[in-house]
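The values are calculated or read from the model by the stated rules, or taken from the named source; none is laboratory data. Predicted model only: the values in this text are computed from it and were never measured. When we count neighbours, we look across all protein chains shown, and the Cβ atoms used for this are built from the backbone with ideal geometry, even at glycine.
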Amino acid sequence: MRGLGRLLVTLLAVAGLALVGVGLARLPARPPQPDGTGPPPQLVTAPSLPPLLRADPVEVRIPRIGVRAPLVPVAADRAGALEVPPLDRPGVAGWYRPGVSPGESGNAVLVGHVDAPDGPAVFFELGRLRPGDTVHIARADATVVRFAVDAVEAYPKESFPTDLVYGPGTAAGLRLITCGGRFDQGSGEYVDNVIVFATRTA
């Protein structure tokens, strides 16, 4: 991750991602959950693709779950917590701008709410994705980068897999993150993070 120390990465993982999905006392339906919980994902062997130059992503498309959403840049606040799009824009996802852009070498990170006061939000059905599903990222340079899902996992927020999400890599990877698992009425949050691991294929 560019220009950020490991301490900040840890703060982003533990403190920031608790804000990705602010749950509701009553949901229209429980968000779909991955089949497994927390084992290391089996990442596919990426094709030999040259890395792309940096360009801001502007839209994420996930055909299997009907997502077509604008992307806005997010960063970290002064406390080290990961910023997310405001709850009054539940159909918008965020791209972690201090990291890599989709298509560059390394793992690009997108975050989105699972629900909002009026019901499901942009990543409500993220847990339905399965290996082989596709994610398309439109970029500001008019390119569209395609990724294939390698794994979809749920992790307790206190056991967030920092290295798997933010760690360096030679292939162009993508991480989609939202909240999931049991909804804790006391804290008003979900207890897990649902994470999609994907690798660039075109």
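Assess whether Ala172 counts as being touching a helix residue (DSSP H, G or I) at 6+ places or on another chain (Cβ under 8 Å) and small (Gly, Ala, Ser).
Details: touching a helix residue (DSSP H, G or I) at 6+ places or on another chain (Cβ under 8 Å): no; small (Gly, Ala, Ser): yes.
Considered against the rule, which asks whether it is touching a helix residue (DSSP H, G or I) at 6+ places or on another chain (Cβ under 8 Å) and small (Gly, Ala, Ser), Ala172 comes out as no.
When the range 61-87 is examined, which residues are found to be among the charged types (D, E, K, R) and not in a loop (DSSP other than H, G, I, E, B)?
Selection gives Arg61, Arg64, Arg68.
Per-residue answers, yes or no, for (1) without any contact (Cβ under 8 Å) to a residue 60 or more places away in the chain; (2) of a type in the set (D, E, K, R); (3) in contact with a Lys or Arg (Cβ under 7 Å, 6 or more places away or on another chain):
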position	(1), (2), (3)
Ser101	yes, no, yes
His113	no, no, no
Leu129	no, no, yes
His136	no, no, yes
Val144	yes, no, no
Ile177	no, no, no
Val191	yes, no, yes
Ala198	no, no, no
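Mind listing whichever residues of the range 126-169 are part of a helix (DSSP H, G or I) and buried (at least 18 other Cβ atoms within 10 Å of the Cβ)?
The answer is Leu126, Gly127, Lys157, Leu164, Val165, Tyr166.
So Ala29 clears everything in (1) closer than 15 Å to Cys179 by Cβ; (2) modelled with pLDDT of 50 or more; (3) assigned to a loop (DSSP other than H, G, I, E, B); (4) within 18 Å of the chain's Cα centre (by Cα) except one condition, right? Which one?
Evaluating Ala29 over (1) closer than 15 Å to Cys179 by Cβ; (2) modelled with pLDDT of 50 or more; (3) assigned to a loop (DSSP other than H, G, I, E, B); (4) within 18 Å of the chain's Cα centre (by Cα) leaves (4) as the failure.
Hey, among the residues in the range 159-189 that are of a type in the set (A, V, I, L, M) and under 22 Å from Pro85 (Cβ atoms), which one's modelled with the lowest pLDDT?
Filtering the range 159-189 for residues that are of a type in the set (A, V, I, L, M) and under 22 Å from Pro85 (Cβ atoms), the one modelled with the lowest pLDDT comes out as Val165.
Under 7 Å between Cβ atoms, at least 6 apart or on separate chains: pull out the pairs that start in the range 70-95 with a residue that is under 18 Å from Ile137 (Cβ atoms) and end on any residue that is of a type in the set (Ser, Thr, Tyr).
Matching pairs, first to second residue: Val74/Tyr96.
Filter the range 88-98 for residues that are part of a loop (DSSP other than H, G, I, E, B) and either in contact with a Leu (Cβ under 8 Å, 6 or more places away or on another chain) or at pLDDT below 90 (or both) and give the result.
Once the filter is applied, which keeps residues that are part of a loop (DSSP other than H, G, I, E, B) and either in contact with a Leu (Cβ under 8 Å, 6 or more places away or on another chain) or at pLDDT below 90 (or both), the range 88-98 yields Val92, Pro98.
Could you tell me which numbered condition Asp150 fails, if it satisfies all but one of (1) at pLDDT 95 or above; (2) over 21 Å from Arg89 (Cα atoms); (3) not small (Gly, Ala, Ser)?
Result: Asp150 fails condition (1) only.
Considering the range 103-112 alone, what residues qualify as being assigned to a loop (DSSP other than H, G, I, E, B) and under 17 Å from Glu59 (Cβ atoms)?
Listed by number, the residues that qualify are Gly103, Gly112.
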